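The values are calculated or read from the model by the stated rules, or taken from the named source; none is laboratory data. Every value quoted in this text rests on a predicted model; they were computed, and no experiment measured them. When we count neighbours, we look across all protein chains shown, and the Cβ atoms used for this are built from the backbone with ideal geometry, even at glycine.
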Amino acid sequence: MTPVPRIGIDAMGGDFGPNPVAEGAALALREWPGRFRLTLVGDEAEIHAALRRVKIDASLVDVVHAAEKVDMGAKAVVSARKAGTSLGVLTQRHKAGQLDGIFSAGNTGAVVASALLGLGRIEGVSRPALAAFFPNTGRGTVVLDVGANAEVKAPWLVQFAHMGTCFARYLLGHENPRVGLLSIGEEESKGNQLVQEVLPLLKSARHLNFIGPVEGRDLFKGTCDVIVTDGFTGNVLLKTAESAASFLGRSVREEVKRDPLAMFGALFMRGALARLRTRIDWQEYGAAPLLGVNGVCFIGHGSSGPRAFRSAIHTLTTFVEQKVNEHIREEIQSDHDSAA
């Protein structure tokens, strides 16, 4: 019998402490019983109190004590070097093989630094990249990098494309993922120096289904399954999309409340509105993987609530089950062999 994935969570990461972590764990345990084993790392007393509050059977969750936590405003590398924090203990347990995947909604820079220092990179990977899932008219698109590397070099984007292709294939079910390069136009003559440098590399890369430059609007049209860009641009894209989704949700609610007839009609549309909310709410996707590190490390929003933690647990479990990192290793090695 194949052992279930062992998933570790930084219970002190995020803005609200262990309570939403415990609530999210309860949701996941009810929805997918027996599919994973959870370990929560942080202040033992606080975690147990949170677990009692949501009435989780103590035998279903392991609790590992860590006396300190990483503050949201702390310096990334300094915090990552502290072994006694919940993030540090979590990373070390993963490195030691006691966990198959880890998740933190804490300080993003500290999580990235902790993963790099504690786990290292997959052989052949120049830089890891944060990959975010965006829902659209198709089965969704993966964008990377969305924050790990503000500035990048052209060859890194080729590696991002390979890693994103693996993610899209094994987690989203795209058989031959289409890869696009984010630019200001579909014409190859447009774009900044980075775009011009990476275009010929992507076009000549074997094992990539590269369709050419794409624009921001293509993200929600489902034109491609993977979009690569630098971390600065990707992070702006991510935050803008999340803000737009929140604005859309608020606007619909406000307009419905203004009109009694619309409120009456909303009763009949309740199911459709609920499905719309689920489709555009970032908490339904929970976390972004840091692809390229020698381990399974996912990062979430500081404002993550119970649904975000529930979704993160599910995504991490699937990532481990599908052996995505092994496929990334094969993809990167194949790219190196082709270049040689």
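Among all residues of the stretch 206-227, there is none that is of a type in the set (Asp, Glu), within 30 Å of VAL320 (Cβ to Cβ) and modelled with pLDDT under 65. Of (1) at pLDDT 95 or above; (2) within 13 Å of the chain's Cα centre (by Cα), PHE133 satisfies all except one. Which? Exception for PHE133: condition (1). Scanning the stretch 77-110 for residues that are surrounded by 16 or more Cβ atoms within 10 Å (Cβ to Cβ) and aliphatic (A, V, I, L, M) yields ALA80, LEU87, VAL89, LEU90, LEU99, ILE102, ALA105, ALA110. Counting only strands (runs of 3 or more DSSP E) that sit wholly inside the stretch 68-155, those with at least 2 residues that are among the aromatic types (Phe, Trp, Tyr) and within 21 Å of GLN322 (Cα to Cα) are 129-134. Looking only at residues of the stretch 282-318 that are part of a strand (DSSP E or B) and either touching a helix residue (DSSP H, G or I) at 6+ places or on another chain (Cβ under 6 Å) or of a type in the set (A, V, I, L, M) (or both), we find that the one that is modelled with the lowest pLDDT is ALA288. Those residues that are among the small types (Gly, Ala, Ser), in contact with a helix residue (DSSP H, G or I) (Cβ under 7 Å, 6 or more places away or on another chain) and at pLDDT below 95, I need them from the stretch 84-103; list them, please. If the condition is that a residue be among the small types (Gly, Ala, Ser), in contact with a helix residue (DSSP H, G or I) (Cβ under 7 Å, 6 or more places away or on another chain) and at pLDDT below 95, then GLY88 is the only one that fits.
In this structure, does GLY8 turn out to be at pLDDT 95 or above, within 20 Å of the chain's Cα centre (by Cα) and within 28 Å of THR318 (Cβ to Cβ)?
Values: at pLDDT 95 or above: yes; within 20 Å of the chain's Cα centre (by Cα): yes; within 28 Å of THR318 (Cβ to Cβ): yes.
Against the criterion (at pLDDT 95 or above, within 20 Å of the chain's Cα centre (by Cα) and within 28 Å of THR318 (Cβ to Cβ)), GLY8 qualifies.
For the stretch 159-169, enumerate the residues that are more than 14 Å from LEU182 (Cβ to Cβ) and touching an Asp or Glu at 6+ places or on another chain (Cβ under 8 Å). Residues satisfying the conditions are GLN159, HIS162, MET163, THR165, CYS166, ALA168, ARG169.
Take the stretch 7-50 and flag every residue that is assigned to a strand (DSSP E or B) and farther than 15 Å from SER104 by Cα. The one that is assigned to a strand (DSSP E or B) and farther than 15 Å from SER104 by Cα: ARG37.
Give GLY109, GLY173, GLY97, GLY147 a once-over and let me know the one that is without any contact (Cβ under 8 Å) to a residue 40 or more places away in the chain and under 30 Å from LYS221 (Cβ atoms).
On the way: GLY109 fails: under 30 Å from LYS221 (Cβ atoms); GLY97 fails: under 30 Å from LYS221 (Cβ atoms); GLY147 fails: without any contact (Cβ under 8 Å) to a residue 40 or more places away in the chain.
One residue alone meets the criteria, GLY173.
Taking the conditions exactly as written (closer than 28 Å to LEU38 by Cα, of a type in the set (A, V, I, L, M, F, W, C) and modelled with pLDDT under 90), does ALA115 satisfy them or not? When the stated conditions are applied, ALA115 does not pass them.
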